[in-house]
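The values are calculated or read from the model by the stated rules, or taken from the named source; none is laboratory data. The model shown is predicted, which means the values in this text are computed figures rather than measured ones. A quick note on method: Cβ atoms are made from the backbone with ideal geometry, for glycine too, and the neighbour counts reach across all protein chains shown.
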Amino acid sequence: MRRLLPRGLRTRLVVAFLLVSALSALIAAALTFRQGRAAILDRVRDGAVHELRAQIGSLAPDLPYAPAGTDLRTLALQLDRAGGSRDGWRTAAAYRGGALVSAAGPAPALPAPLRHAASSAHTAVVQRFHHAGEPWLAVALPVARENRPSEPSGLVVYASFSLIEEERDVATLLSAARAGALPVILLSLVPALLAARRVLRPVRQLRSAAEKMTAGALDTRIRVTGDDELADLGRTFNTMAATLQADAAALRAMESRARRFAADVSHELRTPLAAMTAVTGVLSEDAGSGRLAPETAEALELVADETNKLGRMVEDLMEISRFDAGAAALDLDEIDIGELVRKTLGLRHWQDRVGVDVPQGLRARLDPRRIDVVLANLIGNALRHGGPSVPVDVRARTEDDLLIVTVTDGGPGIPEDTLPHVFDRFTKGDAARPRSEGSGLGLAIAAENARLHGGTLTAANAPGGGAVFTLTLPQEPT
Amino acid sequence: MTRVLLIEDDPGVRRGVTLGLQHYGHETEAVATGEDGLASLVPFAPDIVLLDLMLPGMSGLEVCRRIRVSSQVPIVILSARGDDIDVVIGLEAGADDYIVKPASSEVIEARMRAVMRRLAPSQPRSGQGDQPLAYGDLEIDGAAVRVCKHGRALTLAPSELKLLLFLSASPGQTYSRQQLLEQVWEHSYYGDARLVDACVKRLRSKIEDDQRNPRYIQTVRGFGYRFGPL
C-alpha cells in the first residue's frame with residue numbers, strides 16, 4: 001500500500017493539489033448542474049401547469065355540470081389542439097374517478113400514483129416518470145367549480161408529455177460542466193508545480209547544505225529568504241551549523257594545543273638529554289672499569305641506561321608529533337624487500353632468531369627507513385612477547401597490486417580485549433609487563449608509517465595461537 | 001688525536017660533548033657562537049668541525065657556508081631537528097654529514113671517524129704507482145686524492161671527494177642510495193638518503209658543465225646513481 005504512494009515530495013504536493021482542485025471543480029460542477037437541472041424542470045412544470053390551467057379556464061365554462069364521455073372527449077380534443085407552447089402533449093379527462101377519456105388513440109401514459117393523488121387533490125399535481133425509456137412529466141389538474149373555487153367539481157384533467165427535449169438540455173449542461181472541469185484541473189497543474197517548486201527549493205537547499213556539512217564543510221550556510229516555516233528552519237539550520245563549527249574549531253584547537261604541548265615538551269627535553277647522552281658512554285666505561293666503589297658503579301650504570309631509554313622515548317614522542325603535525329614525509333626508493341628484511345635483522349643482530357620467507361627479486365617502492373621502523377617494531381615486539389625460544393617469522397608476498405608482509409610469532413598471542421587497542425598510544429600488551437620495554441609508542445608509530453605509505457597495519461591472533469601482524473602496502477604509493 | 005672545533009650554544013651539551021670527545025682522546029675547542037667559531041678556525045686549525053645549526057646570532061647554516069668559502073675541513077652538523085628542512089639546507093651548504101641530538105659519544109666518535117676517512121673502506125687502495133685517470137675533462141687522482149678539471153684542481157669537500165672517488169672507481173656501475181650511504185658515509189642501510197642527494201647536487205655544481213644534463217654523475221631513475229658512461 002505504502003509502495004503505491006509517490007515518494008517524491010514534489011509529486012505528492014502536485015497530486016494533492018490536483019486532487020483538491022479536481023474535487024472543488026467537481027463539487028462546483030455538480031452544484032451548478034443540480035441547480036440548472038432543477039431550474040429547467042421547474043420552469044417546464046410551471047409552464048405546463050400554467051398552460052393547462054389557462055386552457056381549462058377558457059374551456060371549463062362551456063362544460064355542462066356533469067359532463068358526459070363526449071364532453072370529456074371534446075375537452076381533451078380541444079386541449080390537445082391547444083397544445084400551445086408545448087407541442088405534442090397528450091391530454092385526458094376523467095370525471096369523478098371515472099375512466100380516462102382522451103381525444104383519440106390510446107390514453108396518454110399516466111402513472112397510477114398520480115391518478116390516485118389527483119382524486120383527492122385540490123390543486124395541480126405533478127409527477128415525473130419514465131415511459132418507454134424516456135422521461136415524462138404528467139400534470140393532473142382538478143377543475144374547480146365556477147364561482148366556488150374551493151369546491152372540486154369532480155373533473156380532473158390530465159396532461160402528459162415527453163421531457164426528452166429538456167433532458168437534452170440537461171445533458172448539454174452536464175457535458176458543459178464536465179468540459180469546464182477538465183481544463184480547470186489541467187490548469188491547476190501550473191500553480192501546483194509553481195507552489196511545489198517554491199516549497200521545495202528551500203528544502204533542496206537545506207539538503208545540499210546538510211550534505212556539504214556531512215562532507216566536512218562546516219562553514220556551509222544557506223541563504224534565508226522570507227518569513228515562513230521553511231525560512232525558520234533555514235535559520236535554525238544556520239545556527240546549528242555555526243554552533244557545530246565553533247565546537248569543532250574549539251575541539252581542534254584543544255587537540256592541536258595538546259599535541260603541540262607534547263611536541264614542545266619532547267623538544268625541550270632533547271637539549272638536556274643531548275648533554276646527558278653525550279656522557280653516558282663515559283659513565284658506562286668508568287662503571288665497568290672496576291676503579292669505582294660497587295654502589296657508585298651500579299648507580300652510574302643505572303643513570304647511563306635510563307638516560308639512553310629516555311632518549312629513545314623522547315625520539316618516539318618526537319616522531320609521533322611529526323605525524324600529528326603532518327610533517328612526516330615519504331622518501332621513496334625502489335627497494336628489494338628481501339634485502340630490506342635482511343638489513344633490518346642484521347642491524348639488530350636478530351638474523352639467527354627470525355625466519356625469513358621472501359621471494360627472490362621482490363621489489364616495491366617505499367621509504368626504506370620507515371619500513372625498517374615498522375618491521376623492527378613488529379619483530380622486536382614478537383621477540384619480546386614470544387619469549388626467547390618461540391619462532392618468529394617474517395613473510396612477504398604480493399597480491400594484486402599490494403605488498404603484504406606478515407610477522408608471526410609462536411607466543412601466547414594478544415589478549416582479545418587488548419586486540420582493538422594494540423595500535424593505540426601507550427597501550428601495553430600486558431599490564432604486568434615491566435615498564436622498561438619500549439616507549440609504548442612503537443606500534444602506534446608503525447601504524448602511522450604504514451598509513452603514510454597509503455597502506456594498513458593490522459593485528460590478529462593466528463588460529464593455532466600466536467600473534468599475526470600484517471602490513472599491507474600499495475606497491476606504488478601515490 | 002683529532003682537533004675538534006665544537007660550535008654549540010647550549011652550555012650543557014657543549015660540556016657533555018667535550019667530555020665525551022676528551023674521553024676518546026681528542027682535543028676540543030668549544031665555542032658558543034658562530035662568530036667565535038669562525039674566529040677560531042684559522043688559529044685552532046681543526047681537523048673537523050662539529051656544528052650546531054640552532055645558534056644565536058649567526059645561524060649554523062651561515063657558519064657552514066663561510067667555512068666552505070675558505071676551507072674544506074670536514075663539517076658535521078649537530079642537529080636537534082632530525083628531519084627538518086634545515087638539515088638538507090645544511091648539507092647543501094656544504095656539510096658532510098649530520099648527527100641527530102641526543103647522540104652518545106660512541107655515535108659521535110664513529111661518525112667523525114667515517115667522515116675523516118678519505119676513501120670509502122671497501123674501496124681498494126690505489127697507490128702502487130697508479131696513474132691519475134682521465135674521464136672527459138676530469139682527471140681523478142686516486143692516490144693523491146685529488147680531482148682536476150681542465151687541469152685545474154677542484155676544491156671538493158671530503159664527502160664530495162669520497163663520493164666521486166667511489167663512483168669513478170667502477171664507471172658505469174649503478175649504486176642505490178642505500179648502498180652509497182653504507183659505502184661512502186658508513187651509515188646504516190636505513191640512513192637518510194637525502195645525504196646522498198645533497199652531496200650529488202653539490203658535486204655536480206662543481207664538476208658538471210650542465211647540471212641539468214650531468215655527464216659524470218648520472219641519475220638512474222628508480223635505482224640510484226652511477227659514474228658515466230661518458
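Look through A:Val390, A:Val394 and report the one residue that is surrounded by fewer than 18 Cβ atoms within 10 Å (Cβ to Cβ), within 14 Å of A:Ala467 (Cα to Cα), assigned by TED's automatic domain parsing to the domain that holds A:Asp357 and touching a Leu at 6+ places or on another chain (Cβ under 9 Å).
Step by step, each of A:Val390, A:Val394 is checked, and only A:Val390 is surrounded by fewer than 18 Cβ atoms within 10 Å (Cβ to Cβ), within 14 Å of A:Ala467 (Cα to Cα), assigned by TED's automatic domain parsing to the domain that holds A:Asp357 and touching a Leu at 6+ places or on another chain (Cβ under 9 Å).
So, in the stretch A:172-201, exactly how many residues are surrounded by 12 or more Cβ atoms within 10 Å (Cβ to Cβ), over 39 Å from the mean Cα position of the chain (by Cα) and modelled with pLDDT of 80 or more?
Qualifying residue count, the stretch A:172-201: 3.
With the stretch B:120-223 as the region, which strands (runs of 3 or more DSSP E) entirely inside it contain at least 2 residues that are over 20 Å from the mean Cα position of the chain (by Cα) and away from chain A (no Cβ under 14 Å)?
B:133-135, B:138-141
Among the listed residues B:Asp36, B:Asp47, which satisfies the condition of being in contact (Cβ under 8 Å) with a residue 60 or more places away in the chain, away from every other protein chain (no Cβ under 12 Å), in contact with a strand residue (DSSP E or B) (Cβ under 9 Å, 6 or more places away or on another chain) and not aliphatic (A, V, I, L, M)?
Every option except B:Asp47 fails the conditions.
What are the pairs, 6+ residues apart or on separate chains, where a residue within the stretch A:451-465 that is in contact (Cβ under 8 Å) with a residue 24 or more places away in the chain and part of a strand (DSSP E or B) has its Cβ under 9 Å from a residue that is surrounded by 13 or more Cβ atoms within 10 Å (Cβ to Cβ) and polar (S, T, N, Q)?
These pairs meet every condition: A:Leu457/A:Asn449; A:Leu457/A:Thr470; A:Leu457/A:Thr472; A:Ala459/A:Thr470; A:Ala460/A:Thr470.
Which one of these does B:Ala80 not meet: (1) touching a residue at least 40 places away in the same chain (Cβ under 8 Å); (2) within 14 Å of chain A (Cβ to nearest Cβ)?
For B:Ala80, the exception is condition (1).
What is the one condition in (1) out of contact with any strand residue (DSSP E or B) (no Cβ under 7 Å at 6 or more places or on another chain); (2) without any contact (Cβ under 8 Å) to a residue 60 or more places away in the chain; (3) surrounded by fewer than 20 Cβ atoms within 10 Å (Cβ to Cβ) that B:Tyr189 does not satisfy?
Evaluating B:Tyr189 over (1) out of contact with any strand residue (DSSP E or B) (no Cβ under 7 Å at 6 or more places or on another chain); (2) without any contact (Cβ under 8 Å) to a residue 60 or more places away in the chain; (3) surrounded by fewer than 20 Cβ atoms within 10 Å (Cβ to Cβ) leaves (3) as the failure.
So which pairs qualify, if the first residue must be in the stretch A:397-425 and in the same structural domain as A:Arg451 (by TED's automatic domain parsing), the second must be of a type in the set (Val, Ile, Thr) and assigned to a loop (DSSP other than H, G, I, E, B), the Cβ gap must be under 6 Å, and the two must be at least 6 apart or on different chains?
Pairs that qualify, where the first residue is in the same structural domain as A:Arg451 (by TED's automatic domain parsing) and the partner is of a type in the set (Val, Ile, Thr) and assigned to a loop (DSSP other than H, G, I, E, B), are A:Asp409/A:Val390; A:Gly410/A:Val390; A:Gly411/A:Val390; A:His421/A:Thr427.
Looking at this structure, is A:Val390 touching an Asp or Glu at 6+ places or on another chain (Cβ under 7 Å), aliphatic (A, V, I, L, M) and either farther than 24 Å from A:Lys309 by Cβ or at pLDDT 90 or above (or both)?
Considered against the rule, which asks whether it is touching an Asp or Glu at 6+ places or on another chain (Cβ under 7 Å), aliphatic (A, V, I, L, M) and either farther than 24 Å from A:Lys309 by Cβ or at pLDDT 90 or above (or both), A:Val390 comes out as yes.
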